[in-house]
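For reference, the structure is listed below as structure tokens.
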Amino acid sequence: MKAAVPILRSFDEAATRAFYVDFLGFKIVFEHRFEPETPIYFSVKLGECEIHLSEHFGDASPGASLRIEVVDVHAYAASLLKKNYRHARPGVQRQTWGWDEMKISDPNGNRLVFCTPNDL
């Protein structure tokens with residue numbers, strides 16, 4: 001069995017691309033539309049993390065949460081802060097359950113929790 005690929009709801013293609021590609025650093029894997037001017041379904045990937053984003057009604061509900069383990073959440077947060085993205089200034093919190101976490105909401109109301117285990 002391979003890793004699951006989540007599908008997140010998107011309502012605004014331009015804002016979603018700006019968030020995932022320009023801000024978070026994901027790369028576009030593929031894009032699909034049945035016809036011009038119809039909703040888009042596309043995939044983004046960073047490292048081994050792949051996420052599908054869909055404007056199609058019924059593919060997913062807004063408000064999902066994903067936990068994405070990264071090698072160094074502190075370094076990733078610092079790199080994001082340097083970009084001065086107008087909709088997020090992510091910080092890292094140390095959790096009592098042994099993880100350092102950075103929570104960011106995308107433009108569609110989905111929450112991404114980037115995390116790294118810490119050495120309590």
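At full extension, Arg67 and Lys27 could sit 12.5 nm farther apart than now, given 0.36 nm per residue minus the alpha carbon distance.
Of all accessible surface on the range 1-116 at a 1.4 Å probe, what whole percent is carbon and sulfur? List each step's numbers first, then the result.
On the way: 3760 of 6940 Å².
Whole-percent figure for carbon plus sulfur exposure: 54.
For the chain, averaging the sequence separation of C-alpha pairs within contact (under 8 Å, six or more residues apart) and dividing by the residue count gives a relative contact order of 26 percent. Can you work out the PRE-style zone for Ala18? Point 7 Å along Cα to Cβ, and I want the residues of the range 79-110 with backbone N under 11 Å. Taking a point 7 Å out along Cα→Cβ of Ala18, the residues of the range 79-110 whose backbone N falls under 11 Å are 85-88, 107.
Would you please state which residues of the range 11-46 a label at His56 would reach in this model, taking the label point 7 Å out along Cα→Cβ and a backbone N cut-off of under 13 Å? Within reach of a label on His56, which here means backbone N under 13 Å from a point 7 Å along Cα→Cβ, the range 11-46 contributes 31-35, 38-43. When the charge dipole of the chain is built from unit charges on Cβ atoms (+1 for Lys and Arg, -1 for Asp and Glu) and taken about the Cα centre, the candidate among Gly98, Ala15, Leu46 whose Cα reaches farthest toward its positive end is Gly98. Karplus-derived 3J(HN,Hα) values for the range 23-28, using 6.51 cos²θ - 1.76 cosθ + 1.60 with θ = phi - 60°, are 8, 7, x, 6, 10, 6 Hz; glycine and proline are entered as x. Surface exposure of the chain, expressed per residue as accessible area with a 1.4 Å probe, stands at 61 Å². The amide H of Leu8, built 1.01 Å from its N in the peptide plane, has His52, Leu53, Ser54 as neighbours under 5 Å, considering only residues 5 or more places off or on other chains. Accessible area per residue was computed with a 1.4 Å probe on protein heavy atoms; Glu13 scores about 40 Å².
Here the chain is assigned +1 on the Cβ of each Lys and Arg and -1 on the Cβ of each Asp and Glu. Its dipole about the Cα centre then comes out at about 360 debye. Between amide H atoms placed 1.01 Å from N, distances below 5 Å from Val92 occur with no residue 5 or more places distant or on a separate chain. Secondary-structure-derived ellipticity at 222 nm for the chain, considering helices only, amounts to -3000 deg cm²/dmol, per-run term -39500 (n - 2.57) for DSSP H runs with n ≥ 4.
For the chain, excluding the exposed loop sites themselves (trypsin sites (Lys or Arg not before Pro), DSSP loop, at most 10 other Cβ atoms within 10 Å), the longest remaining stretch covers 3-81. Annotation: extensible slack from Arg86 through Thr38 equals 14.4 nm (criterion: 0.36 nm per residue apart, minus Cα-Cα distance).
The values are calculated or read from the model by the stated rules, or taken from the named source; none is laboratory data. This is a predicted model, so every value here is computed, not measured. With ideal geometry, Cβ positions are generated from the backbone for all residues, glycine too; neighbour counts draw on all protein chains shown. Accessible surface areas use protein heavy atoms only, side chains included; no ligands, DNA or RNA. Shrake-Rupley method; radii C 1.70, N 1.55, O 1.52, S 1.80 Å.
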